[in-house]
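Here's the structure, in structure tokens; my notes come after.
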């Protein structure tokens, strides 16, 4: 409550009843929203203009009251000197505020003018209300003839301002609804464009899947033809023979390893103590680690030389062993079986190489290429099917979203139109 007037509760306007149903297309909505917005804008400006015109005389009255109050000495000569000082000071404050704070209000031809009016009236009422609140006793006791006029004047101004503010608030709410509707329309447009693009991608992806299926079937047919050929059967038989022949290598290697293990101690010590050339050094190292691969005819003389040198080193005790006689016997034994080992290894490698050459001659090289192509195309097909499924899920999500936006637009339209619009979203 300021200087005897207060903000009365605004009467709530009854909600307009929905009087009609109207079927429209989404494409009609922008024009409907624009027309409704323009109508509300025009109504808002018209209502506020009327309130402005009703308020302007009150502004003039305030200014006139200030002028009359300035000329009125309020009979301060007849009151206590100290009290007179308070009255004069209060009177001057009221006059100064009216002179400086009470300004002409703008003409109304746009929403911007209306907003300016709202702000101007708010400032006038606040400034005048504050000073009259502080000087209420001075005015009511010593300026009674102005008090009622000020109270009534400001009460009407405050009521008009409240109505102006409420009208602008309603217009702002209407504009907000309008913006939301247009935003929903934009989202629907974007969703439809995305749906169209995705449906095109789905068609392209499905065409690609069909193409891949044909390619996979062709490759599988080619593979089956190769695998049913006589050459491929020979290839499999020969490969089996080669795998089985590999077992002989294990047996020969085990026999050789067992023999050279008997003299591994003196061989190892001789490797560290000897000063052989590079080739013999390599042969000696192999004899200690994997003698199978080194027992070839070309290495036979070097192996015998190494064994004889080891024999001499053991005999002269430059290589220490637990039992010299036993070690010498084992070296002799190794030399005696060396020819047999060399022959076995040579024959193994010769036969293995022959089998391998025969296998390579029957090798269906295009089969491996076809199998690789088959694996790749099956992978491509799986990727394409997954991609199609993901895109289809996106389309399904869009299909479910659009009706929700349409419903929201219908709800928003009903908030500022007495026509019930039913949207056809097809």
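Structure data summary
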quantity	calculated
Rounded FRET efficiency, nearest 0.05, which uses the C-beta distance separating residue 24 from residue 290 and R0 of 60 Å	0.10
Inter-label distance, nm, simple model (7 Å from Cα along the C-beta direction), residue 272/residue 255	3.3
FRET efficiency for residue 233 and residue 386, using Cβ-Cβ distance with R0 set to 30 Å, rounded to 0.05	0.20
Answer label for Cα Rg over 2.2 N^0.38 Å (calculated), chosen among [x] 0.98; [y] 2.49; [z] 1.84	[y]
Extension gain (nm, one decimal) between residue 320 and residue 264, 0.36 nm per residue minus Cα-Cα	18.9 nm
Distance cut-off 24 Å, percentage of C-alpha pairs in the range 229-363 lying past it	40
Rounded tilt (10° steps) of 81-101 against the dominant C-alpha axis of the chain	60
0 to 90° range, to nearest 10: angle between helix 264-273 axis and the chain longest Cα axis	80
Relative contact order (percent, whole number), the chain, Cα cutoff 8 Å, 6+ residue spacing	28
Choice from 121, 51, 305 showing the highest fluctuation, given a GNM over the chain with Cα pairs closer than 10 Å	305
Computed lengthening from residue 357 to residue 149, 0.36 nm per intervening residue step minus Cα-Cα distance	62.5 nm
CD proxy at 222 nm, helix term only [per DSSP H run n ≥ 4: -39500 (n - 2.57); per residue of the chain; nearest 500]	-28500 deg cm²/dmol
Highest-first arrangement of 224-235, 282-293, 205-216, where packing means the average Cβ count within 10 Å	282-293, 205-216, 224-235
Ranked 361, 316, 264, 388, criterion: other C-beta atoms within 10 Å, fewest first	316, 361, 264, 388
Burial ordering of 118, 183, fewest other beta-carbon atoms within 10 Å first	183, 118
Residue with peak Gaussian network fluctuation, the chain [Cα springs, cutoff 10 Å], from 374, 36, 307	307
Helix 324-362 vs. the chain, principal-axis angle (Cα, 0 to 90°, nearest 10)	60
Alpha-carbon centroid distance for the pair the range 191-238 / the range 248-324, whole angstrom	59
Cβ-based exposure ranking for 304, 48, 202, in which fewest neighbours within 10 Å come first	304, 202, 48
C-alpha center-to-center spacing [the range 24-66, the range 334-367] in angstrom	105
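We did not get these values from a lab; they are worked out from the coordinates using the rules stated. No experiment lies behind these values; they were computed from the predicted model shown. Methodologically, a virtual Cβ is constructed for each residue, glycine included, from the backbone with ideal geometry; neighbour enumeration extends over all protein chains shown.
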